[in-house]
Each structure stands twice: as C-alpha cells, then as structure tokens.
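Just below is one structure, and these are the notes that go with it.
The values are calculated or read from the model by the stated rules, or taken from the named source; none is laboratory data. As the structure is a computational prediction, the values presented were derived from the model and not from experiment. Note: ideal-geometry Cβ built from the backbone for every residue, glycine included; neighbour counts use all protein chains shown.
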Amino acid sequence: MTVLTKDVGETRSKGSAPKARVYVLVQVAEGHLEDVVSHLRRQPGVTMADVVEGRPDVIMVVEAQHRLRLAHLTIQALTAVETVTVGVHLMPADKP
C-alpha cells in the first residue's frame, strides 16, 4: 500500500513544526463497526476516529511530525483492523 501525504499548517505555538495529516475513509464489514472504531482510537498517531452516516462507515485522522512517520502510523492503524475492513480510501491533507 502506498500512502501519500503532505505537510499541513495548523494553529500551533511559535516554533513548533507543522504536522503531516491524512484523512482515512474506512468501510467496515457488517457487525464490526464499534470494534473497529475502538481499535482505531487506541492506535498511535490517530487523533480522531468517528462513525459517519452512510458509506464510508468511519473517518479517521492520523497526524505525525513527518510524512514518513505518518505513513508508518497510518499503515499500523489500518493493519490493526484489516481483517474487518472492506474498503479504505486515503485523502492526504494539503497545505492551507
């Protein structure tokens, strides 16, 4: 799997580096939604994992200081739930 990301700016204290962020849309196998969200929320780098109406079932945000670390954390989070997901779409954030 290839994960492409971009560094993004955000409101932060002076001197802190911008973070890289990716939005991940996840479709979950029937009956596993709550388990998937619970698992994703416990993964390092995951700043949000919420159930949304319709498809996809879950939107997740992963953040890291560097793009390489972001790719690693995103793959780690998705690997934790890969057996109960039926589709994944990655949407890297762009600079504002």
Since residue 6 meets every condition but one in (1) modelled with pLDDT under 95; (2) surrounded by fewer than 14 Cβ atoms within 10 Å (Cβ to Cβ); (3) under 19 Å from residue 90 (Cβ atoms); (4) not aliphatic (A, V, I, L, M), which condition does it not meet?
(2)
Among the residues of the stretch 45-96 satisfying the criterion of being in contact with a helix residue (DSSP H, G or I) (Cβ under 7 Å, 6 or more places away or on another chain), in a helix (DSSP H, G or I) and small (Gly, Ala, Ser), which is surrounded by the most Cβ atoms within 10 Å (Cβ to Cβ)?
77
